[in-house]
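Engineer: Questions regarding the structure given below will be posed in turn.
No value in this document is a laboratory result; all are computed from the given coordinates. None of the values given here were measured: they were computed from a predicted structure. Reconstructed Cβ throughout: ideal geometry from the backbone, glycine too, with neighbour counts over all protein chains shown.
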Amino acid sequence: MRLRSFVAAVAATALGVSLAACGGSDSGSDGGTGGDQTLTYWASNQGTSLDNDKQVLTPVLEQFTKDTGIKVNLEVIGWNDLQTRIQTAITSGQAPDVVNIGNTWAASLQATGAFLPFDNDALTAIGGKDKFVPTALATGGKAGEDITSVPLYGLAYGLYYNKAMFAAAKVEPPKTWEEMVTAAQKLTNPAKNQWGMALAAGSYTENVHFAFINGAQNKSEWFGADGKPTFTSDGNVQGVLRYLDLMQKDKVANPSNAQYDNGTKSVNDFATKKVAMVINQNNADSSIVANGMKAGEYGVVPFPAPAGGEQVASHVAGINLSVFKNTKHKDAALKFVKYMTDATTQTTLGKPFSSLPVLKDAKPVFTTDAAEAAIFSDIYNTKSKPLPLVPAEDQFESTVGKAMNGLFAKIATGGTVSADEVKAALQTAQDQVAASS
Amino acid sequence: MVETKGFKAYRAVVLIVLGLFVTIPLYVMVTSSLKPLKDVQGAFTWWPTNLTIAPFIDMWKTVPLARYFVNSTIVSVVATLFSVALAILAAFAVSRFKFRGRTVFTTTVLSTQMFPGVLFLLPLFLIFVNINNQFGVQLVGTRLGLIITYLTFSLPFSIWMLAGYFDSIPRELDEAALVDGCGPMGALWRVVLPAARPGVIAVAIYSFMTAWGEVLFASVMTTEANRTLSVGLRQYSTQTNIYWNQIMAAALIVSIPVVIGFLLAQRHFVAGVTAGAVK
Amino acid sequence: MSVATHEATPAATKPPARKSKPGIEHRPGLRRWLPYALVAPAVLMELVIHILPMLVGIWMSFVKLTKFFIANWSAAPSAGINNYKVALDFDNAVGEGLLKSFGVTVVFSLVTVALSWVLGMAAAVALQPAFKGRAIVRTLFLVPYALPAYAGILTWNFMLQRDTGAVNHVLTQLHLGDGKPFWLIGSNALISLITVATWKLWTFAFLTLMAGLTSIPRDLYEAASVDGAGNLRQWRNITLPSLRPVNLVLVLVLFLWTFSDFNTPYVLFGTAQPPAGDLIAFHIYNASFLTWNFGSGAAMSVLLLIFLMIVTGIYLIVTGRKSRRG
């Protein structure tokens, strides 16, 4: 009887029988014994809703089952919950076999030791490392160690602009930061609630990306070669300030943006033609269209660097695929990774998820606009820099991102932020990282 | 109490102020649920210019709301039944018996109310996983796991509150029951419980709401199979859009049965008044 | 459990101080095991879900449980009291953050409890005498409590948006204040947090106090009226003292809930919580899950627990003493 065994379980636990077995103890490595195998796969939310993801993935997974006889038990998890779910899975050892991760977490998750390193054998099993775009593969983990994740969906930032608004104001798509600001100022008219740009200034994950990109444009690093944070370097401070100044000094962004806590809100402003420009990753396409803008009404250029700056337009964004080390179906899991990253699957999923292919020589299919596809491919392949591949990357995201949230909030509520204040805020962030590493 | 003019004026003020405080968000919820997505994203209007019931149809597709609703209902109802039953027994012991360890018990129960959820979230998850490994009882990702978690969440306060209610019931009543030939459990069932009915119902409502609205543990302990509404409603805010109108529509739909439950429970409050008057 | 192993006290050795009337506990043969049997199920559940995990949590606070060790807890090195040292070093970024969060939480908790109690009492008293439509009003007042926590808070989040929210719309219509204030960032965030928490909690106070009011015999009021006592005096002399046991529980519980409130800031602010809305439970959650430092997070939780226990202890001693005097 279920209840009785439950009571017995409770009683025995109360007596402290089982705590000794903490941690991921039963790491069965009987990898792939054939027969009836079922993989558990946690997918992240890439489409318009969790249900939409499920609809997109189900036929793809069915095809995999047909090909290999391996069943896949899919669960799509929203971004709100994904990190916590992965953490508890790592902690308890009760984990899925394969999981999607935000690629910026790769080095941090690698440090937990809970994921299967893709050594040469494993890489061969999934089709060889040469099939991937090198910069994309580099996001898989710390340099110099076997990576613990491989790229699945590629994403890159681009500067979206409204063609009609640009034509009406007689401005050209910007090639430098300065041109971008000038154009934005021309397109800003606060009295009519018309703004040059929308920023997701209340989203710490978005903010930290721009801290990184603007710092990188200033040729500045966020972590030294020794893995220690160097947040307060001059290039980083100036880079952050430059981005903040879009709202503070240039006044081309609505102060309300300070409470835009995810990219969706700024994209909506663009799609509903309240703003002329928005910087977003290429999966904004589906949102823009879903919110009423037609494909030909907007154009994309690389997010520009200031004159003389380093041409970094994006970090290497996207989703990676990891295998939990304690999987009981290692071979099946690798087969699955191979399947998800092969050319056919990439093409099938590229359109509904608006992703860039992570494979060399693959053509982007997320848009029918050839120019847009070419620009994003170029950004992803040549103008992107990976976020710091250090274990403390997750702390970099939360501390620096939240510091920027605070600075934006201060600007929006009428305060001013000087370079010294940026530096002080980054110093606090750096101290937090130092204290907890 | 005499209804003087002053009291009537006081009542009017209280009703208007609190009425507005309570109603405005509800009004916003209802009207927003009847607006197209474009309108809820634009400037606020008191009256929906383009009335639509589409959110009430779309919300079932965006998120598997029906499944979450069933999960929430089962988890909350079962957790409430057990929580109230356990609380009644324990509160009766605390209120009517002097036993060694009573103070230890009440103090411990009280102090568990102070445990910050974040402190034992991860350990509890681990213990559940271990129970699974040792005994094969799956607690993570099942309704059972949520039920036993939630029933203990409301237990400390329920015991405490019920013991207070039981204390307020004169012991002469139990004694009368004992004289009538009832055992102590008979006295509990026939005398104490009926007299404490408002308290029991209040505790049941509290237990139910605790389970119904819990977010933190649900976000870690649930998977697709046993996901509850508190986590499920969040999924209307997706990668591409925040479906405010559907959130409001879903919130409205999931609230209606609970509000009806309250209406039914109110009758018992009235019964409680009569019980108080009889003594 | 030590409780279960003790022999029940024989009736003869009971302290004579408390003059108790004969009751159930004097029935021979029952007092020995019955109370233990009655509390046993509750004890068992508390042990598994609260006590045991808490002990594990306390252990966690003494180890270096960072992302490098969470996959294999047994390998986590001892941190000694280092986690506590860091949390309490207020010159350091982590300790300073905790202290600020603590300050915000104190203000939030005190104001929310006070408001909720006052509103709940005001409404309970207003609804005490029957009148036409009372049932409807009572139901309406309970709706915020009946809503799933998440739904209510999200509605508020929607209303508190700067450009599209109902709150700023009302303020503009009434020509109050200048411009459109922010409610979810900056210093106003605390006001929003208190409003939202009160919106939900006052109805709980109302529910509890209303149930308490029903147990006050009507003849007490009638007798007082005959003696010429006005409504205010009746409230002070009859209602308030009669509700004393309910109030003692209510205020303490409201305090404990608000002080470790997680839902409200989590749902209201999401991942973008402003410093002015950084309640301590959410702060600790971030310290644990965002920075993957579960040892440090556990240490902060234990400190919070100790604080709550001290406050509760003082509260109980003070109120207990007052009861005895009264």
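Engineer: Give the distance, in whole Å, between the Cα centre of segment C:97-126 and the Cα centre of segment A:64-88.
Structural biologist: Between the Cα centres of segment C:97-126 and segment A:64-88 lies a distance of 42 Å.
Engineer: Then there's this: Apply the Karplus curve 6.51 cos²θ - 1.76 cosθ + 1.60, θ = phi - 60°, to the phi angles in segment A:182-189 and return the couplings in whole Hz, x for Gly and Pro.
Structural biologist: With the stated coefficients, segment A:182-189 comes to 4, 4, 4, 5, 5, 8, 9, 8 Hz.
Engineer: Which residue, A:S92, A:S220, A:S266, has the most motion in a Gaussian network model of chain A that connects Cα atoms within less than 10 Å?
Structural biologist: Of the options given, A:S92 has the highest mean-square fluctuation.
Engineer: Using the Karplus curve 6.51 cos²θ - 1.76 cosθ + 1.60 with θ = phi - 60°, work out ³J(HN,Hα) for each residue of segment B:125-135 in order, rounded to whole Hz, and write x for Gly and Pro.
Structural biologist: 4, 4, 5, 4, 5, 5, 4, 5, 5, 7, 10
Engineer: How do A:E393, B:E3 line up, fewest other C-beta atoms within 10 Å first?
Structural biologist: Taking fewest neighbouring Cβ atoms as first place, the list is B:E3, A:E393.
Engineer: For chain C, with a Gaussian network of springs between Cα atoms less than 10 Å apart, report the residue from C:K200, C:K67, C:K100 with the top mean-square fluctuation.
Structural biologist: So, out of C:K200, C:K67, C:K100, the one fluctuating most is C:K67.
Engineer: Let me know the shape class of segment C:82-213, please: from the alpha-carbon gyration tensor, a ≥ b ≥ c as square roots of the eigenvalues, rounded when a/c is under 1.5, otherwise prolate if a/b is greater than b/c, or oblate.
Structural biologist: Taking the square roots of the gyration eigenvalues as a ≥ b ≥ c, segment C:82-213 is oblate.
Engineer: In whole percent, what relative contact order does chain C give with Cα contacts below 8 Å and a gap of six or more residues?
Structural biologist: 25
Engineer: If you add up the charges near A:D342, with Lys and Arg at +1 and Asp and Glu at -1, over every other residue whose beta carbon is less than 12 angstrom from its beta carbon, what do you get?
Structural biologist: So the surrounding residues net to +2.
Engineer: Here is a further query. Can you give me the C-alpha center-to-center distance between segment B:76-154 and segment C:260-326, rounded to a whole angstrom?
Structural biologist: 20
Engineer: From the Cα gyration tensor of the protein assembly as shown, with a ≥ b ≥ c the square roots of its eigenvalues, which class applies: rounded if a/c is under 1.5, or else prolate if a/b is larger than b/c, or else oblate?
Structural biologist: prolate
Engineer: For A:F132, what residues show an amide H to amide H distance below 5 Å, using hydrogens built from the backbone and excluding near sequence neighbours?
Structural biologist: The list, which skips near neighbours in sequence, is A:K360.
Engineer: Return the calculated 222 nm mean residue ellipticity for chain C, to the nearest 500 deg cm²/dmol, obtained by summing -39500 (n - 2.57) across DSSP H runs with n ≥ 4 and dividing by the residue count.
Structural biologist: Helices in chain C give a 222 nm mean residue ellipticity of -19500 deg cm²/dmol.
Engineer: Just to check I understand the Karplus step: with θ = phi - 60° and J = 6.51 cos²θ - 1.76 cosθ + 1.60, what whole-Hz values come out for segment A:75-91, glycine and proline as x?
Structural biologist: Karplus-based 3J(HN,Hα) across segment A:75-91 equals 10, 8, 10, x, 5, 4, 9, 4, 5, 5, 5, 5, 4, 5, 5, 4, 4 Hz.
Engineer: Using only alpha carbon positions, build the gyration tensor of segment C:93-325, then give the equivalent ellipsoid semi-axes as the square roots of 5 times its eigenvalues, largest first, whole angstrom.
Structural biologist: Equivalent-ellipsoid dimensions as semi-axes: 36, 25, 14 Å.
Engineer: Right, another one. For A:K328, give me every one of the aspartates and glutamates with a C-alpha distance below 13 angstrom, ignoring sequence neighbours fewer than eight places off in its own chain.
Structural biologist: Within reach: A:D26, A:D30, A:D36, A:D97.
Engineer: Taking 8 Å as the Cα distance limit and 6 or more residues as the minimum spacing, I'd like the relative contact order of segment B:42-181 as a percentage.
Structural biologist: Once normalised by length, the contact order is 36 percent.
Engineer: Can I ask one more? Nearest 10 degrees, 0 to 90: what angle lies between the long axis of helix A:2-14 and the longest principal axis of chain A (Cα atoms)?
Structural biologist: Approximately 80 degrees, to the nearest ten.
Engineer: What is the local net charge at B:A90, summed over the other residues whose Cβ is closer than 12 Å to its Cβ (Lys, Arg +1; Asp, Glu -1)?
Structural biologist: My count for the surroundings of B:A90 gives +1.
Engineer: Still on this model: Per DSSP H run of n ≥ 4, the term is -39500 (n - 2.57); total these for chain A, divide by its residue number, and report the mean residue ellipticity at 222 nm rounded to 500 deg cm²/dmol.
Structural biologist: -13500 deg cm²/dmol
Engineer: Anything over 19 Å Cα to Cα? Flag those among A:K251/A:K423; A:K335/C:K67; A:K186/C:K180; A:K170/A:K265; A:K131/A:K338, in the order listed.
Structural biologist: The answer is A:K251/A:K423; A:K335/C:K67; A:K186/C:K180; A:K170/A:K265.
Engineer: Out of residues 5 or more away from A:L152 or on other chains, whose amide H comes under 5 Å of its own, with H placed 1.01 Å from N in the peptide plane?
Structural biologist: Amide H neighbours of A:L152, under 5 Å, 5+ apart: A:I319, A:N320, A:L321.
Engineer: Give me a single rounded figure for A:281-288: the average over its residues of other chain Cβ atoms within 10 Å of their Cβ.
Structural biologist: Average per residue, whole number: 2.
Engineer: Now for a separate question. Which whole-angstrom value gives the distance between the alpha carbon centres of segment B:174-251 and segment A:306-325?
Structural biologist: 46
Engineer: Okay, moving on. What is chain B by shape, rounded, prolate or oblate, if you read a ≥ b ≥ c off the alpha carbon gyration tensor as root eigenvalues and call it rounded for a/c under 1.5, prolate for a/b larger than b/c, and oblate otherwise?
Structural biologist: The shape class here is oblate.
Engineer: Gaussian network model of chain A, Cα springs within a sub-10 Å range: biggest mean-square fluctuation belongs to which of A:D369, A:D146, A:D53?
Structural biologist: Comparing A:D369, A:D146, A:D53 in the GNM, the peak value goes to A:D369.
Engineer: Something else now. Could you work out the mean count of beta carbons from other protein chains within 10 Å of each residue's beta carbon in B:4-14?
Structural biologist: Whole-number average of other-chain Cβ neighbours for B:4-14 is 4.
Engineer: Summing +1 for each Lys or Arg and -1 for each Asp or Glu, what net charge is found among the other residues whose Cβ lies under 14 Å from the Cβ of A:A271?
Structural biologist: +3
Engineer: A follow-up question, please. Using the alpha-carbon atoms, what tilt in degrees (0 to 90, nearest 10) does helix B:102-112 show relative to the longest principal axis of chain B?
Structural biologist: Orientation of helix B:102-112: about 10 degrees from the principal axis.
Engineer: Once you average over the residues of C:213-220, how many Cβ atoms of partner chains fall within 10 Å of each Cβ?
Structural biologist: Per residue, the average neighbour count from other chains is 5.
Engineer: Report the relative contact order of chain B, percent, no decimals, based on alpha-carbon pairs under 8 angstrom and at least 6 residues apart.
Structural biologist: 29 percent.
Engineer: If each DSSP helix of 4+ residues adds -39,500 (n - 2.57) and the sum is divided by the residues in chain B, what number results at 222 nm, nearest 500 deg cm²/dmol?
Structural biologist: Helix contribution divided over all residues of chain B: -24500 deg cm²/dmol.
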